[in-house]
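Have a look at the structure below before the remarks.
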Amino acid sequence: MDKLLSDHSKVKSFEREMERISPFELKNRLIELADESIRKTTRTMLNAGRGNPNWIATVPREAFFAFGRFGLAESRRDWECEEGLAGVPQKDGITERFEEFLKSNSKEPGISFLAECYQYMINEHDINSDELIHEWTEGVIGNQYPVPDRILNHTETAVRDYMAQELFNGRPPQGEIDLFATEGGTAAMCYIFDSLQQNRLLERGDSIALMTPVFTPYIEIPKLYRYNYKVTEIPANVTTYDDLHLWQYSDKDISKLRDPEYKAVFIVNPSNPPSYMIAPETVDMLVDIVERWNPNLMIVTDDVYATYINGFQSLMARLPHNTICVYSFSKYFGATGWRTAVIALHRDNIFDEMLKRLPRKRKGELRERYGSIRNDIENIRFIDRMVADSRQVALNHTAGLSLPQQLQMTFFALYSIIDKRKGDRFKEKMHEIIRRRLEALWTSMGFTLLPDPLRAGYYSEIDMLVWAKRYYGKDFVDWLKLNYSPLDIVFRLATETSLVVLNGGGFDGPEWSIRVSLANLKEKDYTIIGKHVREILDTYAERWKKSLPVVE
């Protein structure tokens, strides 16, 4: 290892340039360095920089592809010619034809689960079977614009049930929750920021709070000139008596939200990168703040990692009136390429109330913006304004997530619901995979990982200064900070070991922390990563010891 550390010229030339760049952009530079390192050795590059999972949920995909055969048969039933053209699915009698399809293909992959999905929707909800199967058939074929544009009727029903189970722990808030299907969680973020600004619920220069460390776009978007929000960070800086991170928020910092100056707070829960759920006592504080101090506080919670905590309960369950919830199917089902997510908003919400309270001038501006959609502009709900804004209003008639994406999202949701009735085998296996990878990483580093039921474990954030102090003392920490950049570790891992991890400081976490994704490598790879992380820390210590004056 010491030999590998002898030439740092390329690392040093990058450090100053890269200190302020987004960690996801930095990742590309690190991959380049790791590739160059591989060419000089016989190593294999291990990229733990992104959270793209290396698993897929097979059963809902089998159902999707199996159902595609039915969709094609229904189209050809309408009409077909030898040039490769066919008609479109017809609703009349489609239930009987679907049931016959299930019966005649009962041994084929995906058919059994398709039948379970069908039976669940019919048995649990008062719906017309022809309308259900026709929606699904048009969905798999993709021959129509999305109608309704916000989300298909039966997709919304299935996803609501899924959210009640996975995000609300079986206890959804009373009243109706509306959903807007989006092209992944990233599109949901863009739509929310855009519509809050377009509708003057957040004005340029307003004060918002951001609970950190956090997914970097939540840091970067508010800084854009268009928004230029005044951002106060609420750091997850609570530690044990011996300085180990708990990745929770202090009462003192949370109490800042009492000030009505703060118009909104943005949260990722469980967090990214620490990957911890907000403690129940902190949620209680937030409820008290909204009820007693800041009733107009807008809350945006990104709950994409909810399924990695048993008994998870979204902030929307406790504060439905004030909360917009984002959920993506990407990580849990290994579906980042499908781009399937939803924005959830309770029918009774502060956003619609605030629209009604806007000054007359602002309402006039919004009448101009949305006047092409309908006449009663003031009755357009905020969630429907997001749909329109997603297509620059003028293209509202073509808004909406594609039908195939919505059908696959439906099957993802129903798979989780049906599997829970069979013992939650999918979730248990998923948790086991993540847990074993996390243990492999920390065991090989030799660091202490405290047991914590609030830990999701999809990522791991490792504060190197904590372990530098624990193993070598405060003087070593002072020397390390004086002689090296916080980015030095991630560059060394790339150039000397062909390992790619992200800098935790880029997520507004501890400056000397690194983020390791537990999602995209094999268990044995995390043992390798952990060993190299520890080796680099020990090598720093060896250099520090050599720098100390010799005592005669």
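Within segment 349-358, can one find any residue that is in a loop (DSSP other than H, G, I, E, B) and surrounded by 15 or more Cβ atoms within 10 Å (Cβ to Cβ)? Looking through segment 349-358, at least one residue is in a loop (DSSP other than H, G, I, E, B) and surrounded by 15 or more Cβ atoms within 10 Å (Cβ to Cβ). For segment 382-403, the condition holds for at least one residue, the condition being that it is farther than 23 Å from Gly185 by Cα, out of contact with any strand residue (DSSP E or B) (no Cβ under 8 Å at 6 or more places or on another chain) and free of Cβ contacts under 8 Å to residues at least 60 places away in the same chain.
Every listed requirement among (1) modelled with pLDDT under 95; (2) over 30 Å from Val490 (Cα atoms); (3) not in a helix (DSSP H, G or I) is met by Arg391 save one, (1). Only a single item in (1) outside the structural domain of Gln248 (by TED's automatic domain parsing); (2) surrounded by 22 or more Cβ atoms within 10 Å (Cβ to Cβ) is not met by Asp452, and it is number (2).
Only one of the listed residues (Leu201, Leu179, Leu210) is in a loop (DSSP other than H, G, I, E, B) and of a type in the set (A, V, I, L, M). That residue is Leu201.
Quickly run through segment 324-378 and pick out the residues that are modelled with pLDDT of 95 or more and small (Gly, Ala, Ser). Those that are modelled with pLDDT of 95 or more and small (Gly, Ala, Ser): Ser328, Ser330, Gly334, Ala335, Gly337, Ala341, Ala344. Of the residues in segment 402-416, not one is farther than 20 Å from Glu183 by Cα and either at pLDDT below 95 or of a type in the set (Val, Ile, Thr) (or both).
Selection over segment 83-141 of residues that are in contact with a Leu (Cβ under 7 Å, 6 or more places away or on another chain) and without any contact (Cβ under 8 Å) to a residue 60 or more places away in the chain gives a count of 5. Assess whether Lys469 counts as being farther than 30 Å from Met354 by Cβ, without any contact (Cβ under 8 Å) to a residue 12 or more places away in the chain, in a helix (DSSP H, G or I) and of a type outside the set (Phe, Trp, Tyr). So Lys469 does not fit the description; no.
Residues that are within 30 Å of Ile433 (Cβ to Cβ), in contact with an Asp or Glu (Cβ under 8 Å, 6 or more places away or on another chain) and modelled with pLDDT under 65: does segment 12-19 have at least one?
no
At least 3 residues that are closer than 23 Å to Leu401 by Cβ and in contact with an Asp or Glu (Cβ under 6 Å, 6 or more places away or on another chain) in each: list the helices (runs of 4 or more DSSP H) lying fully within segment 91-159 that qualify. Once the helices (runs of 4 or more DSSP H) in segment 91-159 are filtered for at least 3 residues that are closer than 23 Å to Leu401 by Cβ and in contact with an Asp or Glu (Cβ under 6 Å, 6 or more places away or on another chain), nothing remains. Here Val300 fulfils each of the conditions (1) out of contact with any strand residue (DSSP E or B) (no Cβ under 8 Å at 6 or more places or on another chain); (2) closer than 30 Å to Ile56 by Cα; (3) surrounded by 22 or more Cβ atoms within 10 Å (Cβ to Cβ) apart from (1).
Are any of the residues in segment 526-535 in contact with a strand residue (DSSP E or B) (Cβ under 6 Å, 6 or more places away or on another chain), part of a loop (DSSP other than H, G, I, E, B), on the phi < 0 side of the Ramachandran plot and assigned by TED's automatic domain parsing to the domain that holds Thr448? There is no residue in segment 526-535 that is in contact with a strand residue (DSSP E or B) (Cβ under 6 Å, 6 or more places away or on another chain), part of a loop (DSSP other than H, G, I, E, B), on the phi < 0 side of the Ramachandran plot and assigned by TED's automatic domain parsing to the domain that holds Thr448. Considered as a group, the residues in segment 43-75 that are polar (S, T, N, Q) and part of a loop (DSSP other than H, G, I, E, B) include one that is surrounded by the most Cβ atoms within 10 Å (Cβ to Cβ), and that residue is Asn52. Only one of (1) within 28 Å of the chain's Cα centre (by Cα); (2) surrounded by 14 or more Cβ atoms within 10 Å (Cβ to Cβ); (3) not hydroxyl-bearing (Ser, Thr, Tyr) fails for Val147. Which number is that? All conditions are met except number (2).
So is Arg339 closer than 21 Å to Asn269 by Cα and of a type in the set (Lys, Arg) or not? Spelling it out, Arg339 is indeed closer than 21 Å to Asn269 by Cα and of a type in the set (Lys, Arg). Restricted to segment 219-323, the set of strands (runs of 3 or more DSSP E) holding at least 2 residues that are touching a residue at least 12 places away in the same chain (Cβ under 8 Å) and among the small types (Gly, Ala, Ser) is empty. Identify all residues within segment 326-341 that are within 11 Å of the chain's Cα centre (by Cα) and aliphatic (A, V, I, L, M); write none if there are none. Hits for segment 326-341 are Val326, Ala341.
Put simply, of Val477, Val501 the only residue that is surrounded by 16 or more Cβ atoms within 10 Å (Cβ to Cβ) and in contact (Cβ under 8 Å) with a residue 24 or more places away in the chain is Val501.
The values are calculated or read from the model by the stated rules, or taken from the named source; none is laboratory data. Remember, it's a predicted structure, so these values are computed and weren't measured experimentally. Note: ideal-geometry Cβ built from the backbone for every residue, glycine included; neighbour counts use all protein chains shown.
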